Amino acid sequence: MDTEVMERVTIRAMTPDDRAAVLRIYQEGIDTGHATFETAAPDWDSWDAGHLTEGRVVAMKAGAMFGWAALTAVSKRPVYRGVAEVSVYVGNAARGLKVGRRLMQQVISESERAGIWTLQAGIFLENKASMALHERVGFRVIGIRDRVGKMQHGPLAGQWRDVVLMERRSSIVGTE
């Protein structure tokens, strides 16, 4: 996909009508074995309840969804109200085409408008593309959780996985 085509990809707020495409793209990520410890995409009600209402965005072109990003609260404690975990998933057909960067830029902007001062991500050590994406939008590595979980599905079932912890601090929120 060339630059001209990518310019026609639009980033917009996620709506309930997007649920089937969101869950399909999530399952594509799960199927890679390098996106999450989850074994299957949940039903929409579970997905919806687990994510903040702020920062839900999708990448669209010609009525087709190419990817999505969303935020999850890291804690219910008031002291952490400005800390969220970011998830970004790009469909198989759009990987490597900078869709993820545009989604991340939008979710960062929306998170700051919502008063979120820290975004964090946990990424499998082998997922170099995701780590590079996060670094390009201002995340930094803060640590590695060695052998933090064992895969339960796919070709890597039974293997222990390391997770790289990354975070991005807002330069405009949380400094007052």
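What to note about this one:
- Extreme residue, farthest from residue 75 (Cα to Cα), among residues of region 4-57 that are among the β-branched types (Val, Ile, Thr) and loosely packed, with under 15 Cβ neighbours inside 10 Å: 5
Quick grid of which residues meet (1) touching a Phe, Trp or Tyr at 6+ places or on another chain (Cβ under 9 Å); (2) free of Cβ contacts under 8 Å to residues at least 60 places away in the same chain; (3) not hydroxyl-bearing (Ser, Thr, Tyr):
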position	(1), (2), (3)
41	yes, yes, yes
44	no, yes, yes
48	no, yes, yes
55	no, no, yes
58	yes, yes, yes
74	yes, yes, yes
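- For region 51-72, filtered to residues that are over 13 Å from the mean Cα position of the chain (by Cα) and of a type in the set (Gly, Ala, Ser), the residue that is nearest to residue 138 (Cα to Cα) is 64.
- Summed over region 149-168, residues that are free of Cβ contacts under 8 Å to residues at least 40 places away in the same chain and surrounded by 14 or more Cβ atoms within 10 Å (Cβ to Cβ) total 1.
- Test for residue 171: is it of a type in the set (Ser, Thr, Tyr) and in contact (Cβ under 8 Å) with a residue 40 or more places away in the chain: no
- Test: residue 126 is in contact (Cβ under 8 Å) with a residue 60 or more places away in the chain and over 18 Å from residue 22 (Cβ atoms): yes
- Matching residues in region 113-142 - criterion: being closer than 17 Å to residue 70 by Cα and of a type in the set (S, T, N, Q): 118, 120, 130
- Considering the conditions (1) part of a helix (DSSP H, G or I); (2) buried (at least 16 other Cβ atoms within 10 Å of the Cβ); (3) at pLDDT below 95, residue 97 is excluded by exactly one of them, (1).
- Residue in region 153-164 that is modelled with pLDDT of 95 or more and farther than 18 Å from residue 29 by Cα present: yes
- Residue 133 meets all of the listed conditions (1) over 20 Å from the mean Cα position of the chain (by Cα); (2) outside any strand (DSSP E or B) but one, namely (1).
- Qualifying residue in region 40-62 (condition: modelled with pLDDT under 95 and aromatic (Phe, Trp, Tyr)): no
- Residues of region 111-126 that turn out to be closer than 22 Å to residue 91 by Cβ, of a type outside the set (Gly, Ala, Ser) and surrounded by fewer than 18 Cβ atoms within 10 Å (Cβ to Cβ), as a count: 1
The values are calculated or read from the model by the stated rules, or taken from the named source; none is laboratory data. If you're wondering where the values come from, they're calculated on a predicted model, not measured in any experiment. All Cβ positions, glycine included, derive from the backbone under ideal geometry; neighbour counts span all protein chains shown.
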